[in-house]
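Read through the structure below, which is laid out as structure tokens, and then see the notes.
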Amino acid sequence: MSGDPIWHAIQTQGLDVPPAVLNLHAGQGTRHYTGRCHITRGKGILVWCALKLAGFPPGGKDVPIRMTITTKGEHSQWRRDFGGHVTTSRLAFDADQNQVTEHFGPIRLKMQLDPAQDGLAMGITQLRIFGLPVPRVLIPLSETREYQDADGRFCFDVAARVPGL
């Protein structure tokens, strides 16, 4: 099986997603995307440590983003350049669990994909840090989604929170 891991999850589950979302995940090779985003980070030392460990960017408004997706075989590498701050992750499709695994340095997430309004929702089902499982109560509740706006453009909103933090 080859191709973008999220595309495989969409196809395996038979999810009905808009063309902009499907097109982002279709194909092999290297694809480039550009846009702008707003980054709002949570507060507190534990949140800061987790975001730093994963390599996530600092907060900012109207930040330029350049995303490069390189898909070879069954894996993809996502390189996100947020105004000079680069975050890289590797994605793979877990056919046994029909989930997508994403690695950010020492952090590994497993995500379940579900249909959402105008697109796709991604919930975190498992989290490991340095290979050690994080207790379920500390796994962030993800409100992440990819969607197509009224002009047919691909959009994303990544949001997560841990109750009590």
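The values are calculated or read from the model by the stated rules, or taken from the named source; none is laboratory data. This one's a predicted model, so the numbers in the text were calculated from it and none came from an experiment. All Cβ positions, glycine included, derive from the backbone under ideal geometry; neighbour counts span all protein chains shown. To get the accessible areas, we keep the full protein, side chains included, count just its heavy atoms, and leave off ligands, DNA and RNA. Shrake-Rupley method; radii C 1.70, N 1.55, O 1.52, S 1.80 Å.
Between segment 16-32 and segment 93-120, the alpha-carbon centres lie 16 Å apart. Counting only protein heavy atoms and a 1.4 Å probe, segment 63-135 has 49 square angstrom of accessible area per residue.
For segment 1-51, the solvent-accessible area works out to 59 Å² per residue, with a probe of 1.4 Å and every protein chain left in place. Candidates ALA150, VAL137, GLN99 compared by Cα position along the dipole of segment 90-165: farthest toward the positive end lies VAL137, with charges placed on Cβ.
Spherically averaged projected area of the convex hull of Cα atoms, segment 1-92: 6.9 nm².
Quick one: with all protein chains in place, what share of the accessible area of segment 1-91 is carbon or sulfur, to the nearest percent (1.4 Å probe)? Intermediate results must be reported in sequence, preceding the final value.
Details: 2950 of 5160 Å².
Answer for segment 1-91 is 57 percent, counting heavy atoms of protein chains only.
Which shape class applies to segment 69-165: rounded if a/c is under 1.5, otherwise prolate when a/b exceeds b/c and oblate if not, where a ≥ b ≥ c are the square roots of the Cα gyration tensor eigenvalues? Cα axes put segment 69-165 in the rounded bin.
Could you please state how large a percent of the accessible area of segment 108-156 is carbon and sulfur, counting protein chains only and using a 1.4 Å probe?
On the way: 1650 of 2900 Å².
Summing carbon and sulfur atoms, their accessible area is 57 percent of the total for segment 108-156.
Evaluate the charge dipole of segment 26-142 about its Cα centre and quote only its size in Debye, nearest 20, assuming +1 on the Cβ of each Lys and Arg and -1 on the Cβ of each Asp and Glu. Display every interim value, and only then the final one.
Numbers: 15 positive and 8 negative charges, 94 e Å.
The dipole of segment 26-142 has a size of about 460 debye.
Taking Cα extents along the principal axes in Å as the quantity of interest, determine which of (1) 39, 38, 29; (2) 46, 37, 32; (3) 74, 37, 22 was computed from the displayed structure. Of the labelled values, this structure produces (1).
With a cut-off of 12 Å between beta carbons, the residues surrounding LYS72 carry a summed charge of -1, where Lys and Arg count +1 and Asp and Glu -1. When the chymotrypsin sites (Phe, Trp or Tyr not before Pro) in segment 63-165 are filtered for DSSP coil states and for at most 13 other beta-carbon atoms within 10 Å of their beta-carbon, the remaining sites are PHE130. Setting aside same-chain residues fewer than 8 positions from LYS43, which lysines have a Cα under 18 Å from its Cα? Qualifying lysines at Cα under 18 Å: LYS52, LYS61. Note: relative contact order over the chain, using C-alpha pairs below 8 Å and six or more positions apart, is 20 percent.
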